[in-house]
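Single-structure report; data block below.
The numbers here are math on the coordinates, done by the rules we state, and not lab data. Note that the coordinates shown come from a computational prediction; the quantities given were computed from them, not determined experimentally. Virtual Cβ from ideal backbone geometry, glycine too; neighbours counted across all protein chains shown.
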């Protein structure tokens, strides 16, 4: 398949089509449309399929829908392909995005009506529903970890197994102040293990729920020598009390993407074999990978070759590698596993977003063996998956790989995706029928 194909369940409202620029937004679970759906926030760049560099800037702006008129907001040197520069609408008139100044990350707030700007002295991350605060990471620490980060600032003093000033911060966007609300030491102490002392620790992926009453984040840790051999814990925080809850059984489960459904959430799950993570298995994570396939026996290499032709569903079931979404609900202050979404459509990891006040979840998939990625809608009540569209993934395996990253409008009427189906990043606005 070339390009993309939409199903009867959606209709295309708008697609970015600049002849000069590649255009995209980045992460999921954000609304890139204004409340009246008339303006589409996005990033643009002339280069595509390249690694981000400190000297490479992107343009930030928005399109009028449906006229397609572009409006320039600003430029940023603090970006990546997966998350852009964290550009977001604070309200229908103000855009905020990350950049850098004097070798330090900052954020810029631009008023599209007056053209005025003001600066925030730190990079932002998730924004509270009222647009007044950001719950943020230290993006300069993220540069030295596996986390999504920016190339524009490389402060070596923030490297190391633990950066003592790291944690979760609350940024007041009206007064330009920042305070530490959860320290990295508090995170490490929560449900701690003896082998934590041997690890490198960092924080990723803050996500605030729709009501602004809770947020969650990933605590990841790895052998100091290899941040790509990390272990993941999901931690929930009550916004009023700052009480943290670590989701149980994390040693037996590797998790990735998650999405809020009110006070509940779903998270993509990779069950671990055997007893899961132990001190012995954690110590064995370094130097345990084969450098090339020549070290495999001929029989094993042939079996792997034959498996490459199997349908992905069959192969995963045959090898006992079933992955799926888990759905957790709050019960007496703790989070418990309520149900699992084990539909065959969910055998490939994706990015879930729940439609407010409904039983619907919109998600995508990573590319399959045919380099096709899918946009899906799941009805929990009917336990039925609807395919909204499928897209060619031309940049699979490239630093500029383009996930669909579905972004559902606040009223649930629209979903916006990024797609590089023709070796160029686009944004596509779809109305859900």
Please find the FRET efficiency linking residue 91 to residue 381, where r is the Cβ-Cβ separation and R0 is fixed at 30 Å, and quote it to the nearest 0.05. 0.35
Length gained when the stretch residue 55-residue 121 is fully extended (0.36 nm per residue, less Cα-Cα span): 21.7 nm
What percent does the relative contact order of the chain come to when contacts are Cα pairs within less than 8 Å and at least six residues apart? 17
Largest fluctuation, 370, 357, 332 only, Gaussian network model of the chain with Cα springs under 10 angstrom, belongs to 332
Full extension between residue 272 and residue 132 adds, at 0.36 nm per residue less the Cα distance, a length in nm of 46.4 nm
Between residue 411 and residue 279, the two model label points (7 Å from Cα along the beta-carbon direction) sit apart by a distance in nm of 5.8
Can you order the peptides 107-114, 166-173, 13-20 by their average number of other Cβ atoms within 10 Å per residue, highest first? 166-173, 107-114, 13-20
Relative to the present Cα-Cα distance, how much length would full extension add between residue 398 and residue 113 at 0.36 nm per residue of separation? 98.8 nm
Among 75-82, 343-350, how do they line up from the highest to the lowest mean number of other beta-carbon atoms within 10 Å? 75-82, 343-350
Hey, rough spin-label estimate for residue 103 and residue 336, points 7 angstrom out along Cα→Cβ, what's it come to in nanometres? 5.4
For residue 47 paired with residue 224, estimate the spin-label separation in nm (one decimal), with each label point 7 Å from Cα along the Cα-to-Cβ line. 3.4
Plugging the Cβ-Cβ distance of residue 38 and residue 263 into 1/(1 + (r/R0)^6) at R0 = 25 Å yields, to the nearest 0.05, a FRET efficiency of 0.20
Where the centroid of each part is defined by its Cα atoms, how far is region 14-72 from region 135-168 in Å? 26
